[in-house]
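Data first, discussion second: the structure below is written as structure tokens.
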Number of protein chains: 2
Amino acid sequence: MPAPTSPRDPARTLALLWGVATPGARGPQQSRTPAEVARAAVGLADAGTLEALSMRRVAAALGLGTMSLYTYVQNKDDLVDLVVDHAYGELYPQGAVPGDTWPERLREVARANVALVERHPWLLDVDLARPVLGPGETRKYDLELRAVDDVGLGDVEMDATVTLVVSHALAAARRARAARLVAETSGQTDDEWWEANAPVLEAIADMSTYTVAARVGSAAGEAQQAPYSASAELEFGLGRIIAGIEALLAHP
Amino acid sequence: MPAPTSPRDPARTLALLWGVATPGARGPQQSRTPAEVARAAVGLADAGTLEALSMRRVAAALGLGTMSLYTYVQNKDDLVDLVVDHAYGELYPQGAVPGDTWPERLREVARANVALVERHPWLLDVDLARPVLGPGETRKYDLELRAVDDVGLGDVEMDATVTLVVSHALAAARRARAARLVAETSGQTDDEWWEANAPVLEAIADMSTYTVAARVGSAAGEAQQAPYSASAELEFGLGRIIAGIEALLAHP
DNA sequence: GGGTACCACGTACGATGTACGGCGATATGC
DNA sequence: GCATATCGCCGTACATCGTACGTGGTACCC
């Protein structure tokens, strides 16, 4: 890290995220709006990876000097929070998670989250474990909770259920992206890979003891080459989670 | 990014991970072993965060010049792979996942992974979605698969099950760490937080529409302050996953 | 109109990963 | 036993990062 992240004032971050204008403005007005900042930053991240989201580049995209960006955000972390929350705002444009039954709605939650990170792959490089508490995440959280409201779960269980489904969807998307990336950068098929690494693999004596890993790994590898493999893994976990919740509702 | 990660030769990475010596060595021998490199790097990462794992620092800890480290690893990514695989080697020192029944063993898999990332928190900052294919991860994968071998699942289902449990355990650990970090850096209780942010929160008009988020969020927040909250979230997901697999075994 | 608070910006610092080239030791081929 | 090709090691340099600091100009309040 170049310089340890400077401390943030949480209240200022909240005001930025929610667009609360500070009343007493003595000097000149800011020439850009926080929404413009967020849009420019999302555009940069979408075009490349999260690495493309540098303070210098975002400032340049806004037609500002580098340090001027610091009058909008306190930090780079602040900027990332702004961008993440902005992206979350795209979810559920209908204003609700569609679906007639709660299992359908949970599946839709997973599908929507996967679609979001496919549109914005850099989201997978951000630590989403910490809450942002902006309008986008709050709305997302609210709508996803409503998907499992009134089905017989307690409040804490509702939170845990939504968290479980979303984190499973993101993990599956992350693995799908990793597999895609390996296939792209290596640029070789599985056969070519085995051929290239055969001399090394043969020199590994212990390999013969990992029989289950070899058997299952090759089976999973072949399945992964089949179309819809990513959605198959997503579907397996989703099916188990939903069945597990049904079991909980049946025997509370 | 300073310089776009230089390309890697996968075969060389494999040889490094498995400790395969290259036969034709004309010049002088390396003065350190790959295991020493891994130990030094793990020590640095354990002492701080993943940021502490810089090429300069690892080289210095080994008593080497910075660029000499590049005769051991091709890349920083290579170094990270080495370190991750080394850490994975600590898992299951008994040589098997303990437990009499497969649900017990799956719980043990989750517990062991959580314990591992508590000992090495920097693991949570590494993208573990892409496979490393070193001895540590191969052994881990093999032992975890054996925990659900011969219970009636197909090969692909075994893979998906283990992946689901591990990724859930890691996600829960990540959220636990994030909550701990927020509590530490803010240094204030929940009451103090609400008081500090009350003026901002009152200015947010839309907040009143997010009734479910407010209700569940505060309930989850209070539960989070209770001891064992992290393990409670872990346990909820584990229970749902296991129940879901039982349902699958009952109705295949 | 004077004072003051705030936006914008240029410069500079420490940190990162790594490309490049030179030096010196060493194990092999004769 | 010796020449030489090879490889470990390292110093320097470059682009890039986040951001601390200081300066100048601008718009509002009294």
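The values are calculated or read from the model by the stated rules, or taken from the named source; none is laboratory data. The structure presented is a predicted model; accordingly, all values stated were derived computationally and were not measured. As a convention, Cβ positions derive from the backbone with ideal geometry for all residues, glycine included, and neighbour counts pool all protein chains shown. Calculation scope for accessible area: heavy atoms of the full protein, side chains included, ligands and nucleic acids excluded. Shrake-Rupley method; radii C 1.70, N 1.55, O 1.52, S 1.80 Å.
Taking a virtual spin label 7 Å from the Cα of A:Leu201 along the C-beta vector, which residues in the range B:119-153 bring their backbone nitrogen under 19 Å of it?
B:130-143
What accessible area per residue comes out for the protein assembly as shown, rounded to a whole number of Å², with a 1.4 Å probe?
50 Å²
Please say if the protein assembly as shown is rounded, prolate or oblate, where rounded means a/c under 1.5 for a ≥ b ≥ c the square roots of the C-alpha gyration tensor eigenvalues, and otherwise the choice is prolate for a/b larger than b/c and oblate otherwise?
Cα axes put the protein assembly as shown in the oblate bin.
Name all residues of the range B:206-234 having a backbone nitrogen under 11 Å from the label point set 7 Å from the Cα of B:Trp194 along its Cα→Cβ direction, giving them as ranges.
Flagged as within label range: B:218-219, B:222.
How far apart, in nm, are two points set 7 Å out from the Cα along the Cα-to-Cβ line at A:Ala47 and at A:Ser186?
3.2 nm
Classify chain B from the C-alpha gyration tensor, please: rounded if a/c falls under 1.5, else prolate or oblate depending on whether a/b exceeds b/c.
Oblate shape, in that a/c is at least 1.5 and b/c is the bigger or equal ratio.
Would you kindly work out, in nm and rounded to one decimal, the distances from the label point of B:Thr101 to those of the same position in each other copy, ordered shortest first, with label points 7 Å along Cα-to-Cβ?
So the label point of B:Thr101 gives 2.7 nm to the other copies.
Top mean-square fluctuation among B:Asn197, B:Asn75, B:Asn113, Gaussian network model of chain B, C-alpha springs under 10 Å?
Maximum among the listed residues: B:Asn197.
Only sites in a loop by DSSP and with at most 12 other Cβ atoms within 10 Å count here; which trypsin sites (Lys or Arg not before Pro) in the range A:1-84 make the cut?
A:Arg26
How big is the B/A interface in buried accessible area, both sides summed, 1.4 Å probe, to the nearest 100 Å²?
Buried area between the two chains comes out at roughly 5400 Å².
Name the chain A residue nearest the rotation axis between A and B, going by Cβ position, and give the distance in whole Å.
A:Gly244, 2
What number, rounded to the nearest 500 deg cm²/dmol, is the helix-based mean residue ellipticity at 222 nm of the protein assembly as shown, given -39500 (n - 2.57) per DSSP H run of at least four residues and division by all its residues?
Here the helix-only value at 222 nm equals -20500 deg cm²/dmol.
Taking Cα centroids, how far is the range A:51-82 from the range A:87-127 in Å?
27 Å
Which of rounded, prolate, oblate describes the range A:170-237, given a ≥ b ≥ c as roots of the alpha-carbon gyration tensor eigenvalues and a/c under 1.5 marking rounded, otherwise prolate only if a/b is larger than b/c?
Oblate.
Where Lys and Arg each count +1 and Asp and Glu each count -1, what net charge lies around A:Leu44 among other residues with Cβ under 12 Å from its Cβ?
Taking every Cβ under 12 Å from that of A:Leu44, the sum is +1.
Report the residue, chosen from B:Val165, B:Val156, B:Val37, that carries the largest GNM mean-square fluctuation when chain B is represented by alpha-carbon nodes joined by springs under 10 Å.
B:Val156
In terms of Cα to Cα distance under 24 Å, which lysines are near enough to B:Lys140, apart from those fewer than 8 places away along the same chain?
B:Lys76
If you put +1 on each Lys and Arg Cβ and -1 on each Asp and Glu Cβ, how big is the dipole of the range B:102-250 around its Cα centre, in Debye rounded to 20?
For this selection, approximately 300 debye.
Distances from B:Pro7 to the same residue in each other copy, label points 7 Å out along Cα→Cβ, in nm, shortest first?
Between copies, matching label points for B:Pro7 lie 4.9 nm apart.
Give me the distance between the Cα centres of the range A:165-201 and the range B:165-182, rounded to whole Å.
Their Cα centres are 25 Å away from one another.
Name the residue from A:Pro199, A:Leu143, A:Ala112 whose Cα lies farthest towards the positive end of the charge dipole of the range A:102-250, charges +1 on Cβ of Lys and Arg and -1 on Cβ of Asp and Glu.
So the residue we want is A:Leu143.
Along the charge dipole of the range A:31-86, pointing to its positive end and built from +1/-1 on Cβ of Lys, Arg, Asp and Glu, which listed residue (A:Ala35, A:Ala60, A:Leu79) has its Cα farthest out?
Most positive-ward Cα: A:Ala60.
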